[in-house]
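Peer 1: Handing you a structure now.
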2 protein chains.
Amino acid sequence: MAKQKKQPRPKAETPKGFRDYFGPEVTERAEMLQQIARVYHLYGFEALESSAVETVEALGKFLPDVDRPNEGVFAWQEDSEGDKPGDWLALRYDLTAPLARVYAQHRNNLPTPYRRYAMGPVWRNEKPGPGRFRQFYQCDADTVGAPSVAADAEICAMLSDTLEQVGIPRGDYIVRVNNRKVLNGVLEVMGLEEGEQRDAVLRTIDKFDKVGEEGVRELLGKGRLDASGAYIDGVGLSDEQIDVVVGFLTAKDLAYQQSVYDLRRAVKTGKHELADWIVSELDYHEAPWTLPEVRKNAGHFYTSNLLDILRELVDESEQGQTGVDELELIRELLAAQGYGPDRIVIDPSVVRGLGYYTGPVFEAELTFEIFDEKGRKRQFGSVAGGGRYDDLVKRFTGQAVPATGVSIGVDRLLAALREKGRIGGTVEGPVVVTVMDRDRMADYQDMVGELRRAGIRAEVYLGNPKNFGNQMKYADRRRSPIAVIEGGDEKERGVVQIKDLILGAKIAENATLEEWKERPSQFEVPRAQLVEKVREILDGQGS
Amino acid sequence: MAKQKKQPRPKAETPKGFRDYFGPEVTERAEMLQQIARVYHLYGFEALESSAVETVEALGKFLPDVDRPNEGVFAWQEDSEGDKPGDWLALRYDLTAPLARVYAQHRNNLPTPYRRYAMGPVWRNEKPGPGRFRQFYQCDADTVGAPSVAADAEICAMLSDTLEQVGIPRGDYIVRVNNRKVLNGVLEVMGLEEGEQRDAVLRTIDKFDKVGEEGVRELLGKGRLDASGAYIDGVGLSDEQIDVVVGFLTAKDLAYQQSVYDLRRAVKTGKHELADWIVSELDYHEAPWTLPEVRKNAGHFYTSNLLDILRELVDESEQGQTGVDELELIRELLAAQGYGPDRIVIDPSVVRGLGYYTGPVFEAELTFEIFDEKGRKRQFGSVAGGGRYDDLVKRFTGQAVPATGVSIGVDRLLAALREKGRIGGTVEGPVVVTVMDRDRMADYQDMVGELRRAGIRAEVYLGNPKNFGNQMKYADRRRSPIAVIEGGDEKERGVVQIKDLILGAKIAENATLEEWKERPSQFEVPRAQLVEKVREILDGQGS
């Protein structure tokens, strides 16, 4: 008989692209989400938690990665029932597709408009990479059933409030708003229908930052010799067509130049009190416009000029005009509530990848600078985005249902708060009551009970108490602020030893300095004063 | 050519056995979990959020339903990489199996003992039934690496604190503690090794409530004629063996009778001040023991007698003796911290289904009565359970790692809090500012802005404002406490109308009563007093 093979041990590993979150990573995220939920709730949004599992049919194929329409999700087939093959199920890849399904399913019992927020993990079946996980959190707010751009403006205002609520100060973020209809209008004016030429134009627009105005003119016209010497065929548009694209791409620059002029004139004629030194800088580069004070006081010049330029550009397209009108209305609604260009700006370069957006799109960017992995300064960048999508519910019901919403990148925003020192860094560990005599466990439990009733996080050491050093190592690993010791001698004398571990660590670090040596980090107090002394030390540690 | 078939619309449905949670269902659960987390944190437990997806290999097969070892989970296979077939992945079915994997994977970076809590959804691939869902929440706390029963006692105390923290009053719950080793000791004393006979005995023990002592004697011996007239073969044990089982099953009864005697004597001799009327009831039925006062004051008689009876029963089994010793130690540790038998009791009938428990097991039951779906009174029942499992980590590492923990049935506990009126019932909806003039949207936005800055939940109506009735219907569906109205006339006069919708509904209900007719439910106030008046009405509504 063959020798029975021993079952190998299972590997203790998360699947590729998944990870575990420990302690503060979990609680800091939970607290941030609570704060976000508080703002959403104040705005009248209702919580929704849809199931993590959906039918593949209901989810649809709205992932950005449209090249692999059947991939991108974790999916499996249910067992068949008799002749009937089982449904294909999948984990949700975002919170918007499930919302469309929920609204279509429950619409008779939901108010219209339906404002809802949702927060939770989503899953993407993608090749994992560094810092790229296959499970991550999203936090969305959407308004379904409201055709008016007042709903879009509300989302933008709420996004601004949310960022400030979680701890991003005003001036450190900007919400940019655009409208898909403006770009559609531009393409319409050029006489481009859906098709290859149109796609080529969109791809070229994306290259503007790299190749500049001249490069775009070549790429859209007769072609261009790129840096490597290779010749790239042009799209073959007419000069008139190309002028429209370039006009769109340079609208921001032109608006900026005009508003510098407007602003200078206003200051000169005493109609504007903005400091002269700022005006004198305005010629040279765009930087002052990133100063919140400038944006707040002079941003309206810029926005008005920009809207005028865009309006002229899409004059012949009804859709384009609607787009500009909507942007203007959003701007007015926001301004009336005090959300000026220091917080929310119109920006025609905002695109947002997802194909389902049909109107206004928005993006929140953090403008403070961080150092990237190569030590270079750069802006922190985007932490949230969204827009209007009027066709998602229609898939189910046949009727168009207008909807608009925003999704916050939870992990990005958390990282930003860590950068700003808004979270982390506080004493996290519990007071550890050490075990000097394992027969007196009840005494030690009594101490932690007292501490907890006073609201102080505390625990008894539950490992093998033989080696006191191990207990101290444990307290260290737990990042404990304080250890409590009561041996037989202390018990007899009715006292306890209280060790300030934070101070102890500082003393150890500075062992060579005389003044540190003198400071005691261990205190003997009567047992009855345990809670009082612990509280006093914790207060001193600032926790 | 065949006519092209139109793509059918996707069905807007959750997959079978899944559901969506709306508004308060989500927020009430989140608030309860926050409160639980607060207690866990106070006890020194650290949050852990492991990934929802695990390899099938790491999850193992610990589902209660051992007859279908490969089923019970939602699983799928990863794409193959070259020749290497893809891993099988699955959604976690509980929070304990992932903890074992996490501890084995990260043990070098975790403190020992490692106290952690986790809360989140788990998934079971089971046939859905009424009230039975394939995704539900669990909320666990476990201590890994602590062999001492002090860890088990701590979990029981924490469970008791947790129930009180979320709003279950003392006296309305009981935590029952048993030890697997006691039952193992009973079987050892009977001379039964693992095998068919032993399984038959365990099955018969489960039937005790139905067939009583005589029935158990017949089933374990020569056999029994059941109610339908069919003859059931007996297990064929000796009378001595059967006596041990029956002794175990009747231990609680015997302990109760003895403690009634003890208690009566103590009251008679003036050693106990428990009321005479309670003692006079003790003969007739067990009910008084369910009174917290009786359990608190006299429960120690019962527990001491019970432990003596069990100790005698398993006298010849080392494991059994250890089991009773551990129960006694848990009882002492808890008593020293004030957790008496009014909150936590020893109960040998607690079994807990899962095969992986190796020592103490515990269960929290809510003792208040509810009406079941047939209108019969019954106790609310179990809301949490757990125990010691010393072998789960060993699967990965080969080394036994002692662990103990508890899992709270989140949905059951929420249902209990609703029964007790601890959650729900408050005004949830936002103040709705109606739109009388769609060109003055900015005015209305201004109002909600003011209300929100005062901390009052508020929104502008964003649907089609043409029909005012629809706006009121919307406010009704939103359960709004107040509607604000500002038409052209009000605007001119600098006032707003504020409708108390709660009072309005009451007036409508009582339309025939004169005194209701007189009460105004709509108030006109200067625009500047909007926030003040809204606050006043909300305060009057008790929200």
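Peer 1: Out of residues 5 or more away from B:Val393 or on other chains, whose amide H comes under 5 Å of its own, with H placed 1.01 Å from N in the peptide plane?
Peer 2: B:Val401
Peer 1: Further, regarding this structure: Obtain the radius of gyration and the Kirkwood radius of the stretch B:431-541 from its C-alpha atoms and give Rg over Rh.
Peer 2: 0.96
Peer 1: Next up: Could you work out the relative contact order of the stretch B:431-541? I mean the mean sequence separation of Cα pairs under 8 Å and 6+ apart, divided by the number of residues, in percent.
Peer 2: 25
Peer 1: Show me, for the stretch B:394-401, the HN-Hα J-couplings you get by feeding each phi into the Karplus relation (A = 6.51, B = -1.76, C = 1.60, θ = phi - 60°), rounded to Hz, glycine and proline as x.
Peer 2: 3, 3, 8, 9, x, 9, 5, 10
Peer 1: Okay, moving on. Nothing charged except the Cβ atoms of Lys and Arg (+1) and of Asp and Glu (-1): what's the magnitude of the dipole of the stretch B:431-541 about its Cα centre? Round to the nearest 20 debye.
Peer 2: 460
Peer 1: Taking each residue of A:446-456 in turn, how many C-beta atoms of other protein chains fall within 10 Å of its C-beta, and what is the average?
Peer 2: 3
Peer 1: Take peptide A:132-139, look around each residue's Cβ out to 10 angstrom, count Cβ atoms belonging to other protein chains, and average those counts.
Peer 2: Neighbouring Cβ atoms belonging to other protein chains average 1 per residue here.
Peer 1: Express in whole angstrom the spacing between the alpha-carbon centres of the stretch B:73-90 and the stretch A:192-266.
Peer 2: The stretch B:73-90 and the stretch A:192-266 have Cα centres spaced 46 Å from each other.
Peer 1: Further, regarding this structure: Have a look at B:Gln471, B:Gln522, B:Gln541 and report the one farthest towards the positive end of the charge dipole of the stretch B:431-541, computed about the Cα centre with Cβ charges (Lys/Arg +1, Asp/Glu -1).
Peer 2: B:Gln471
Peer 1: To continue, here is another question. Between B:Glu31 and B:Phe368, what FRET efficiency follows from the Cβ-Cβ distance if R0 is 25 Å, with the result rounded to 0.05?
Peer 2: So the FRET efficiency works out to roughly 0.75.
Peer 1: Scan around B:Gly44 for amide H atoms under 5 Å from its own, H built in the peptide plane at 1.01 Å from N, and keep only partners 5 or more places away or cross-chain.
Peer 2: Answer set, sorted by chain and number: A:Ala458.
Peer 1: Related question: Quick one: 3J(HN,Hα) in Hz for the stretch A:160-168, Karplus 6.51/-1.76/1.60 with θ = phi - 60°, rounded, Gly and Pro as x.
Peer 2: Each residue of the stretch A:160-168 in turn: 4, 4, 4, 4, 5, 4, 7, x, 8 Hz.
Peer 1: Can you pull the Rg over Rh of the stretch A:298-379, Cα-only, Kirkwood?
Peer 2: Rg divided by Rh gives 1.05.
Peer 1: Residue by residue through the stretch B:262-271, what is 3J(HN,Hα) from phi via Karplus (6.51 cos²θ - 1.76 cosθ + 1.60, θ = phi - 60°)? Round to whole Hz and write x for glycine and proline.
Peer 2: Listing the rounded values in order: 4, 5, 4, 5, 5, 5, 4, 8, x, 8 Hz.
Peer 1: Provide the FRET efficiency to the nearest 0.05 for the A:Arg265-A:Asn109 pair, computing r from the beta carbons and using R0 = 51 Å.
Peer 2: After rounding, the FRET efficiency stands at 0.30.
Peer 1: Taking the convex hull of the alpha carbon atoms in the stretch A:122-281, what volume per residue do you get, in Å³?
Peer 2: 261
Peer 1: How large is the charge dipole for the stretch A:173-361, taken about the Cα centre, if only the Cβ atoms of Lys, Arg (+1) and Asp, Glu (-1) carry charge, to the nearest 20 debye?
Peer 2: Dipole of the stretch A:173-361, to the nearest 20 debye: 620 debye.
Peer 1: When the distances between all Cα atoms of chain B are binned every 20 Å from zero, what whole-number percent does each bin get?
Peer 2: Pair shares across the bins are 16, 39, 29, 14, 1, 0.
Peer 1: Where in chain A lies the longest segment free of trypsin sites (Lys or Arg not before Pro) that are both loop residues by DSSP (not H, G, I, E, B) and have at most 11 other Cβ atoms within 10 Å?
Peer 2: A:7-270
Peer 1: Next question. Given H placed on each backbone N at 1.01 Å, which residues far from B:Phe380 in sequence or on other chains put an amide H within less than 5 Å of it?
Peer 2: It is B:Phe368, B:Ile370, by chain and number.
Peer 1: May I pose another question? Summarise the long-distance tail of P(r) for the protein assembly as shown by giving the % of C-alpha pairs beyond 49 Å.
Peer 2: Pairs farther apart than 49 Å: 40 percent.
Peer 1: Place +1 on the Cβ of every Lys and Arg and -1 on the Cβ of every Asp and Glu in the protein assembly as shown, take the dipole about the Cα centre, and give the residue among A:Ile498, A:Tyr461, B:Phe133 whose Cα lies farthest towards its positive end.
Peer 2: About the Cα centre, the residue reaching furthest to the positive side is B:Phe133.
Peer 1: Put the label 7 Å from Cα along Cα→Cβ for B:Arg265; what are its distances to the other copies, in nanometres, shortest first?
Peer 2: 10.8
Peer 1: Tell me the label-point distance for the pair B:Arg378, A:Ser349, using the 7 Å Cα-to-Cβ offset, in nm and rounded to one decimal.
Peer 2: So the label points at B:Arg378 and A:Ser349 sit 6.7 nm apart.
Peer 1: I need the calculated FRET efficiency for the pair B:Gln529 and B:Ala508, taking r as the beta carbon distance and R₀ as 30 Å, to the nearest 0.05.
Peer 2: 0.70
Peer 1: Ok, one more. With unit charges on the beta carbon (Lys/Arg positive, Asp/Glu negative), name the residue among B:Ser148, B:Ile507, B:Met158 whose Cα is farthest towards the positive pole of the charge dipole of chain B.
Peer 2: My answer, from the dipole projection, is B:Ile507.
Peer 1: If you consider only alpha-carbon coordinates, what radius of gyration and Dmax does the stretch B:109-181 have, in Å?
Peer 2: For the stretch B:109-181, the Cα-based Rg and Dmax read 15.8, 44 Å.
Peer 1: Sort shortest first the distances from B:Lys296 to its counterpart in every other copy, using label points 7 Å along the Cα-to-beta-carbon line, and give them in nm.
Peer 2: Shortest to longest, the spacings are 5.8 nm.
Peer 1: Which single residue of chain B puts its beta carbon nearest to the axis of rotation relating B to A, and what distance, in whole Å, does that give?
Peer 2: B:Trp76, 2
Peer 1: Run through the other copies and list how far each one's label point is from that of A:Arg378, in nm with one decimal, shortest first; the point sits 7 Å from Cα along Cα-Cβ.
Peer 2: Those label-point separations list as 6.1 nm.
Peer 1: Taking GluC sites (Glu not before Pro) that fall in a DSSP loop and have at most 15 other Cβ atoms within 10 Å as cut points, what is the longest piece of chain B between them?
Peer 2: B:374-543
Peer 1: Computed over the Cα atoms, what is the radius of gyration of the stretch A:173-361 divided by 2.2 N^0.38 Å, N being its residue count?
Peer 2: 1.11
Peer 1: Rounded to the nearest 20 debye, what is the charge dipole size of chain B about its Cα centre when +1 sits on each Lys and Arg Cβ and -1 on each Asp and Glu Cβ?
Peer 2: Rounded to the nearest 20 debye, it is 2200 debye.
Peer 1: Something else now. Could you tell me the relative contact order of the stretch A:61-201? Use alpha-carbon pairs under 8 Å, at least six residues apart, and round to a whole percent.
Peer 2: Rounded, it is 16 percent for the stretch A:61-201.
Bear in mind that the values in this text are calculations on the coordinates, not laboratory data. All values reported here derive from a predicted model rather than from experimental measurement. Please note: Cβ atoms are built from the backbone with ideal geometry, for glycine as well, and neighbour counts cover all protein chains shown.
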